[in-house]
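Quick notes on the structure that follows.
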Amino acid sequence: MLDNLPLILSSLAAGVPPTVFAAVGGIALTIALSAVAGLALLSRHRAVRAVSRVYVEFFRGTSEVVQLFWIFFVLPALVGYQIVPLAAGIVVLGLNHGAYGAEIVRGAVRSVPRAQYDACTALSLSPWDRMRRVVLPQAVVEMLPSFTNLFIQLLKSTALLSLVVVDEIVRRGQLLVPNLGVGEKLTIYLVELLLYLGLAVLVTSGMRLLERRAAARVGRPPTAARSGFATGVAM
Amino acid sequence: MTGIWDWGYAVEVLPALLRGLQVTVLATLLGSVLAFALGLVLAIVLRARVPVLHRVVRAFVEFWRSTPLLVQAYVIYQVLPDVGITLGSLAAGVIALGLHYACYTSEVYRAGIEAVPVGQWEAAAALSLPRSRVWFGVILPQAVPRVLPALGNYVISMFKEVPLLLAIGLVEVVTVARQLSADSFRPVEPLTLAGLLFLLVSLPASILVRRMERRAGAG
């Protein structure tokens, strides 16, 4: 029954690089957009806050699938230029999760105690130095655990790219399904789920490392080890 | 091609999109009911430390929520028929949503249960109340109201994830939009309207949840 196991494994393994590429690209874009939009939400200028708020609410308020289809089907009709599916996917992953990340950044920066700002004034640090040397290092410790969860969400969302024919893990599986028998369908999906689990564990352990470093940098003890092996949520 | 946006066409496709939206909302509501009920069962099993079972549940919850809902929906829709359980798109979709989100809601309930003061457990033990009355008469009535806003947020997340069930043939709003644009070769109006319909539902819903949060915080 499992004669096709090597075929299944090699097929799905070939989908891993596009999935990883989409996830890494999406995460990079998410970080950039979260930082820009998150800080913009805290701007003194009303117009800057408003622009950022509209971006955040728009992308959090609509469905990721709709965003993906819009960029993939509507944008070409408007501008007459078809964007490469994988690139479209990375843009949507980044825009969507960047909107959630912006709120994380905003919350974390606001959680830095007022006294830290007063101390910066006492030391007559410039606003730039205050942000770079005092506020952000502390805010980053606060935001990292939430970003771990966000990146896991993003990793899971890469599966949606199969809907716009990116040759990632899920689409490779869908191409196999019609040709294979009963027990093999289950094998395909099981392997897919395990691949995502493995990638999720990688993301989590990488983030744990960053969390420990960021905490050590501001002289805090590392946060207590949490029991969830993939998502890091205590249970 | 007539301009970028054709109002006549937009008005023409709106009724079909609204029917699709009804299916999306229906799937969300049914999925939520399942997620709320199943999540509670999972939370109680985890909290009560039922031997062996709680370890299995814990591993399953971690596994299931680290993996994509889309693949899980395929498993339920395409693999279950092989073992004699054939489900329609809506039923399979609702089960996929409910099971996936139960893994999140169990976590929410857990936090709510932990927030109930230890004294309540001790008092219930002192009165030697039966197990079921401890849970349903003492602990849950205090834990659940506190976590309603968090559950509400998951309902909104779920609503936005329903469109991926188009992969298993659920005719929800985005499927309708895709069909309309394939028939007319005009993707702009149907897909843009579909996006706006999501905003139209989820923005008021988030405002409602935020208000619940504030009230829960004040109470």
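The values are calculated or read from the model by the stated rules, or taken from the named source; none is laboratory data. Note that this is a predicted model, so its numbers are computed, not measured. Note that we place each Cβ from the backbone using ideal geometry, even for glycine, and neighbour counts take in every protein chain shown. With ligands, DNA and RNA removed, areas are computed over all heavy atoms of the protein, side chains included. Shrake-Rupley method; radii C 1.70, N 1.55, O 1.52, S 1.80 Å.
For a quick check, take a GNM of chain A with Cα springs below 10 Å and name the residue from A:L180, A:L75, A:L123 with the largest mean-square fluctuation.
Highest fluctuation among the options: A:L123.
What is the dipole size for the range A:18-168, taken about its Cα centre, with +1 at each Lys and Arg Cβ and -1 at each Asp and Glu Cβ, in debye to the nearest 20? Intermediate results must be reported in sequence, preceding the final value.
Numbers: 12 positive and 8 negative charges, 138 e Å.
So the magnitude is around 660 debye.
Take the alpha-carbon positions of the protein assembly as shown, form their convex hull, and give its projected area averaged over all directions (one quarter of the hull surface) in nm².
Convex hull of Cα atoms, orientation-averaged projection: 26.1 nm².
Considering the range A:84-235, what Rg and Dmax in Å follow from its alpha-carbon atoms?
20.5, 72
Could you give the length gained by full extension between B:V83 and B:A216, i.e. 0.36 nm per residue of separation minus their alpha carbon distance, to one decimal place?
Working: separation 133, 0.36 × 133 = 47.88 nm, distance 4.55 nm.
The span from B:V83 to B:A216 would gain 43.3 nm if fully extended.
Work out which helices of chain A, taken as complete DSSP H runs, extend at least 27 Å along their axis over the Cα atoms and score a mean Kyte-Doolittle of 1.0 or more, then list them.
A:5-41
What's the angle, to the nearest 10 degrees (0 to 90), between helix B:53-65's Cα axis and the longest principal axis of chain B?
30 degrees
Give me the Å³ per residue figure for the convex hull around the C-alpha atoms of the range A:18-92.
Roughly 94 Å³ of hull volume per residue.
Can you find, among A:S43, A:V84, A:A22, the residue farthest towards the positive end of the dipole of the range A:1-144? Put +1 on the C-beta of Lys and Arg, -1 on that of Asp and Glu.
My answer, from the dipole projection, is A:S43.
Please compute the alpha carbon radius of gyration of chain B, then divide it by the globular-protein estimate 2.2 N^0.38 Å. Two decimals is fine.
Taking N as the residue count of chain B, the ratio is 1.24.
Sum -39500 (n - 2.57) across every DSSP H segment of at least 4 residues in chain B, then divide by the residue count to get the 222 nm mean residue ellipticity, nearest 500.
-25500 deg cm²/dmol
Note down the net charge around A:V16, summing +1 for each Lys or Arg and -1 for each Asp or Glu among other residues with Cβ under 14 Å from its Cβ. All intermediate terms of the calculation are to be shown ahead of the outcome.
On the way: positive: A:R171, A:R172; negative: A:D167, A:E168, A:E192.
Around A:V16, the surrounding residues sum to -1.
So, in Å, what gap is there between the alpha-carbon centers of the range A:1-76 and the range A:134-171?
Taking the Cα centre of each part, the range A:1-76 and the range A:134-171 sit 8 Å apart.
How many percent of the accessible area of the protein assembly as shown is carbon or sulfur, using a 1.4 Å probe?
Percent of accessible area from carbon and sulfur atoms in the protein assembly as shown: 68.
How much area per residue is accessible in the range A:18-168 when the probe is 1.4 Å and only protein heavy atoms are counted (Å²)?
Accessible surface, normalised per residue, equals 45 Å².
Which whole-number value in Å³ per residue fits the convex hull of the alpha carbons of the range A:18-168?
Each residue corresponds to 116 Å³ of Cα convex hull volume.
Can you find, among B:A115, B:V61, B:V174, the residue sitting farthest towards the positive end of the charge dipole of the range B:27-186, where Lys and Arg contribute +1 and Asp and Glu -1 at Cβ?
B:A115
In Å² (nearest 100), what accessible area is buried between B and A, both sides summed, heavy protein atoms only, 1.4 Å probe?
Counting protein atoms only, the buried area is about 3800 Å².
For the range A:148-229, count all C-alpha to C-alpha pairs, find those more than 21 Å apart, and express that count as a whole percent of the total.
Of all Cα-Cα pairs in the range A:148-229, 46 percent lie more than 21 Å apart.
Specify the angular offset, from 0 to 90 degrees and rounded to the nearest 10, of the alpha carbon long axis of helix B:173-184 from the longest principal axis of the alpha carbons in chain B.
Approximately 10 degrees, to the nearest ten.
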